[in-house]
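Reading through the structure tokens given below for one structure.
The values are calculated or read from the model by the stated rules, or taken from the named source; none is laboratory data. Computed from a predicted model, the values in this text were never measured in an experiment. Quick reminder, even Gly has a Cβ in these numbers, built from the backbone with ideal geometry, and neighbours come from all protein chains shown. Side chains included, ligands, DNA and RNA excluded: accessible areas come from the protein's heavy atoms. Shrake-Rupley method; radii C 1.70, N 1.55, O 1.52, S 1.80 Å.
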Amino acid sequence: MNNRRVIVKIPASTANLGPGFDTLGMALSLYAWIELRVSEQTEFHFYGDQMKGLPKDKSNLIYKVAQLVFKEAGVSVPELSISMHSDIPLTRGLGSSASAIVGALVAANALIGGPLSDDKLFQIATALEGHPDNVGASLFGGIVVSAWDGERAEYIRIEPDRRLKTLVAIPAFQLSTEKARHALPTQISMADAVFNVGRSSLLVAALASGDLGMIRHAMKDRLHQPYRAALIPGMATILERAVEFGALGVALSGAGPTLIAFAQDKAEVEQSLEQFLLDTLKQEGIEAKTLWLSPCVHGPQITVEDISNQPAIPLPDRIKGAM
Ligand code: HSE
């Protein structure tokens, strides 16, 4: 274990997919990398703009999550060298915290020889996040349908249709999940519950069967998006009109503020859809960046290296080309 270096590449994720609040998640082709090594003294090496301001002491999330794994496995590894590079923007609704949790769990488990099962890691990750949607997608890749009763999370993974592409519009402001959850009511009507059960079920069936034309009818929500709209100016118009510009469907990504449009024929809709999203946000005074992302079909990719006879290459050099 002392001569081992573990590098894990973890996908970002989008949660809810509209109606599947705290239930549906999909992994996306945007990544974070975490490297773990045993060290004499705990040290942190963070690379990339996304990492600025994160704690570099034992209160760090990655350190704490790694220690949970060691405790669960009954081993002691108090001092770690932790490196991280992330392309996933923080607090924008693309699962950055879920990818950090999943990456830390998977890397720590690999460092000690992998005693914990994926299911165990999923249970720990869900309890830490408070919902299984983002962590399930980052851990298993593809589309993950999950349910959590506060004790156990169950899931089924669906292979994403190869034709599916997504366009994300990432506003230049941060929105904490906590604030976006505070906007939600504590009770909803039976009519709204039935509306969401119908849409969410239809969406899962559409994604599982490849009936992409059904997405526009299914990707509708009455549980969270209407209440969060006030926090993201322009969102209501985007949700209402994106299909006119070629989207298969559109949703708030996780708790926002990122918006995610699903598309089939990227070349055909690329410019009009991007322009519509950017113009609508701009009319509200919001700058945003767009990215075309594919569903990521795999979970974390783990590399374990023996570094006994070689100096460790810094993480950014090691992953160059993959970023
Ligand atoms: N399902 C969560 C929410 C995802 O919408 O609040 C955000 O982490």
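One residue alone among G256, G299 is at pLDDT below 95, of a type outside the set (D, E, K, R) and surrounded by 15 or more Cβ atoms within 10 Å (Cβ to Cβ), and that residue is G256. Taking first residues from region 233-254 that are within 16 Å of the ligand (Cβ to nearest atom) and partners that are of a type in the set (S, T, Y) and not in a helix (DSSP H, G or I), the Cβ contacts under 7 Å between residues at least 6 apart in sequence or on separate chains come to S253/T14; G254/T14.
I'm trying to understand the selection: among the residues of region 293-323, which are touching a residue at least 60 places away in the same chain (Cβ under 8 Å) and within 19 Å of S39 (Cβ to Cβ)?
Let us first name the residues in region 293-323 that are touching a residue at least 60 places away in the same chain (Cβ under 8 Å), namely 293-308, 312, 314-316, 318-319, 322-323.
Scanning region 293-323 gives T303, V304, E305, D306, I307, S308, A312, P314, L315, P316, R318.
Restricted to region 1-113, the set of strands (runs of 3 or more DSSP E) holding at least 2 residues that are within 16 Å of the ligand (Cβ to nearest atom) comprises 4-15, 24-38.
Does region 163-175 contain any residue that is in the same structural domain as G246 (by TED's automatic domain parsing), touching a residue at least 24 places away in the same chain (Cβ under 8 Å) and within 11 Å of the ligand (Cβ to nearest atom)? Yes, because at least one residue in region 163-175 is in the same structural domain as G246 (by TED's automatic domain parsing), touching a residue at least 24 places away in the same chain (Cβ under 8 Å) and within 11 Å of the ligand (Cβ to nearest atom).
Name the residue, out of F245, F262, that is of a type in the set (F, W, Y), more than 30 Å from P132 (Cβ to Cβ) and not assigned by TED's automatic domain parsing to the domain that holds A15. Step through it out loud before you land on a result.
Numbers: F262 fails: more than 30 Å from P132 (Cβ to Cβ).
When all the criteria are applied, what remains is F245.
Mind checking whether some residue in region 179-201 is touching a residue at least 40 places away in the same chain (Cβ under 8 Å), open to solvent by 50 Å² or more (accessible area, probe 1.4 Å) and more than 16 Å from the ligand (Cβ to nearest atom)? Checking region 179-201: not a single residue is touching a residue at least 40 places away in the same chain (Cβ under 8 Å), open to solvent by 50 Å² or more (accessible area, probe 1.4 Å) and more than 16 Å from the ligand (Cβ to nearest atom).
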